[in-house]
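The values are calculated or read from the model by the stated rules, or taken from the named source; none is laboratory data. Computed from a predicted model, the values in this text were never measured in an experiment. Here the Cβ positions follow ideal geometry from the backbone for every residue, glycine too, while neighbour counts run over all protein chains shown.
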Ligand code: OSB
Ligand code: MG
């Protein structure tokens, strides 16, 4: 497929809630939408970087620069037969996986459209209905946490994940466990702890959590392995895994027993499939993480989640929960009884862009190519 032109748009959007994590608070966000034009077809991708460098070093602004200055000049005007070929053309760019992931996923959409098949089939998926959970930010009080937990359980979510930070961990989780004795529960520390905090994790170990997500440093595997050795609860790696090689090292070290797979963090669908396969070879489940995506990124997450070894509920919760009526696609990606269906408006990603709305959200736009 020849890449005729790539359009970038930076969008200003607001979440319906303030999302607090151990690394900060988010509500008013900048998001990057990417459209590849090729031979009369359009492929859609979304850059999953944060607005600020709290989760990782990548941001919407660094992604813009990486794409415009280094990635797109090696891509536009050229012809690629496969995502692997396209990735080879940018192999000289170290890091910036979320920026490149936005482009790579758009290329998959394009290829699926050219083949006239749904993206999930091209990816090799086998499921048609995706069980999802919800990721719940740090609340103002234990009572509020329990009330939020009950509300999400009543809405049908299949697993509830709670953000924790030092000083906000065991007490809220004990209260939620008491209120919801049989609900699958997890916690996500986003790297806020050190090995010297092991006591917290031994207390959490008593609560029957499905896993504890990324307790230690964002670039660590060795200390996670030390912590895992003393716990019954599985650790789940998020920030530490940027490639299938990282997944292999983490699982080989027993730094974790579950992987949160985020498409952008590993450079796109091709590497996601490799991470998925490595995890399967270790007998470790994966689940699809979220980065507060708009409809394009959310749809990519759902298509990827159809692969066999996505055996735990993902973070791809209902779009309406985040965006109300203001998602950028026509299709409503809302879970029913904790299950998300795949968007099916045509081949590929199966979504329709709401260009009128997108125009009002756009704060800068640039096209590369003709
Ligand atoms: O660590 O999984 C994370 C959101 C932004 C950055 C990192 C994370 C998250 C979430 C929310 O947990 C996932 C979602 O609801 O999209
Ligand atoms: Mg996480």
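Give the residue, chosen from 83, 73, that is in contact (Cβ under 8 Å) with a residue 24 or more places away in the chain, surrounded by fewer than 16 Cβ atoms within 10 Å (Cβ to Cβ) and away from ligand 1 (no atom under 16 Å from the Cβ).
Criteria check complete, one pass: 73.
Give me the residue from the range 146-183 that is touching a residue at least 40 places away in the same chain (Cβ under 8 Å) and within 16 Å of ligand 2 (Cβ to nearest atom) and, out of that set, farthest from residue 19 (Cα to Cα).
So, considering only residues that are touching a residue at least 40 places away in the same chain (Cβ under 8 Å) and within 16 Å of ligand 2 (Cβ to nearest atom), the one farthest from residue 19 (Cα to Cα) is 159.
Do you know which residues across the range 256-283 are over 26 Å from residue 12 (Cα atoms), more than 16 Å from ligand 2 (Cβ to nearest atom) and assigned to a loop (DSSP other than H, G, I, E, B)?
Once the filter is applied, which keeps residues that are over 26 Å from residue 12 (Cα atoms), more than 16 Å from ligand 2 (Cβ to nearest atom) and assigned to a loop (DSSP other than H, G, I, E, B), the range 256-283 yields 282, 283.
Within the range 295-313, restricting attention to residues that are crowded, with 24+ Cβ neighbours inside 10 Å and touching a helix residue (DSSP H, G or I) at 6+ places or on another chain (Cβ under 7 Å), which residue is nearest to residue 45 (Cα to Cα)?
Ranking the candidates gives 300 first.
Please determine whether any residue of the range 288-297 is over 21 Å from residue 10 (Cα atoms) and within 16 Å of ligand 2 (Cβ to nearest atom).
yes
Yes/no matrix, rows are residues, columns are (1) touching a helix residue (DSSP H, G or I) at 6+ places or on another chain (Cβ under 9 Å); (2) within 25 Å of residue 91 (Cα to Cα); (3) away from ligand 1 (no atom under 16 Å from the Cβ):
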| position | (1), (2), (3) |
| --- | --- |
| 252 | no, no, yes |
| 256 | yes, no, no |
| 260 | no, yes, no |
| 265 | yes, yes, no |
| 270 | yes, yes, yes |
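Quick check on the range 97-119. Is at least one of its residues more than 18 Å from the chain's Cα centre (by Cα) and part of a loop (DSSP other than H, G, I, E, B)?
Yes, because at least one residue in the range 97-119 is more than 18 Å from the chain's Cα centre (by Cα) and part of a loop (DSSP other than H, G, I, E, B).
Of all residues in the range 139-168, which are in a loop (DSSP other than H, G, I, E, B) and surrounded by 18 or more Cβ atoms within 10 Å (Cβ to Cβ)?
Residues satisfying the conditions are 139, 157, 158, 159, 164.
Is it true that some residue in the range 318-331 is at pLDDT 95 or above, more than 23 Å from residue 155 (Cβ to Cβ) and under 14 Å from the mean Cα position of the chain (by Cα)?
No - not one qualifying residue is present in the range 318-331.
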